[in-house]
1. Could you pull out which residues in region 1-29 have an amide N less than 15 Å from a spot 7 Å beyond the Cα of residue 60, following the Cα-Cβ vector?
2. Select from 97, 54, 147 the residue whose mean-square fluctuation is largest in a Gaussian network model of the chain (Cα-Cα springs shorter than 10 Å).
3. Report the charge-dipole magnitude of region 1-87 in Debye, nearest 20, computed about the Cα centre from +1 at each Lys and Arg Cβ and -1 at each Asp and Glu Cβ.
4. Only helices at least 18 Å long along their axis, Cα-based, and averaging -1.0 or more on Kyte-Doolittle count here, so list those DSSP H runs from the chain.
5. I want to verify a result. In a Gaussian network model of the chain, Cα cutoff 10 Å, which of these has the top mean-square fluctuation: 33, 80, 21?
6. Just want the answer: with Cβ charges of +1 for Lys and Arg and -1 for Asp and Glu, which residue in 33, 61, 95 is farthest toward the dipole's positive end in the chain?
7. At 1.4 Å probe size, with no ligands or nucleic acids counted, give the accessible surface of residue 162 in Å², nearest ten.
8. Of the labelled options [x] 71, 38, 34; [y] 43, 37, 33; [z] 73, 41, 30, which one gives Cα extents along the principal axes in Å as computed for this structure?
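The values are calculated or read from the model by the stated rules, or taken from the named source; none is laboratory data. Because the structure is predicted, anything quoted here is derived from the model rather than measured. For neighbour counting, all protein chains shown are included, and Cβ atoms are generated from backbone atoms with ideal geometry for every residue, glycine included. What goes into the accessible areas is simple: the full protein's heavy atoms, side chains included, and nothing from ligands, DNA or RNA. Shrake-Rupley method; radii C 1.70, N 1.55, O 1.52, S 1.80 Å.
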Amino acid sequence: MRTPRVDRETLEAWLDLSRRADVDAAISAAHAAVAEESSRGRPVCTASARCCDFGRVGHDLFVTGLEVAWTLDRIPPERAIGERDVEAATKRGDCPFLVGDTIRRCGIHPARPVGCRVYFCDPTREAFVQDLAELGARHVREIHDAFGVPYVYAEWRGLLRCFAEAGIADRPASPIAFEPRDPFVPLTRGSAS
């Protein structure tokens, strides 16, 4: 689970590019395409947050640097994280954006990357989910190619750590309006233990 070293210039380029209207639209279109295909296949999501407990389910979430920049710039400011949050999540084996004390849920659900959008725990739809993941990855790669964006595909927490260590994208500038009643987004943040 090694994450390549990413220089500050590249991190800043990803953030700047993620803020461009045409890149933002392309990322939103990729999310919409994944959602549309997902609704066709109808895999079950129980909102258990198992997919966010990487250590327990035995998988790593892979994303691109552009996706991380886009996500970090669109979360609610109160959900912004730092190095300690990433380190604590890495030690726990889960995502630093899990919120809630007893029932843990995704605290950034509307701004989550494609890798999260294509992961389903539904054992009856494994082949479909694999195809969905390939579709999502293809859309993301096409965005990088179309806009000449440096492509680094690495583990989620590792790339989050790169941004946190550099102090880049630590104050969201373009937060998405989260629906307060969204079942995935509790109104209070859980402890970061």
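1. 1-6
2. In this elastic network of the chain, the residue with the biggest mean-square fluctuation among 97, 54, 147 is 147.
3. The calculated dipole for region 1-87 is roughly 360 debye.
4. Span-like helices in the chain: 21-41, 126-147.
5. Highest fluctuation of the listed residues: 21.
6. 95
7. We get 10 Å² for residue 162.
8. Of the listed options [x] 71, 38, 34; [y] 43, 37, 33; [z] 73, 41, 30, [y] comes from this structure.
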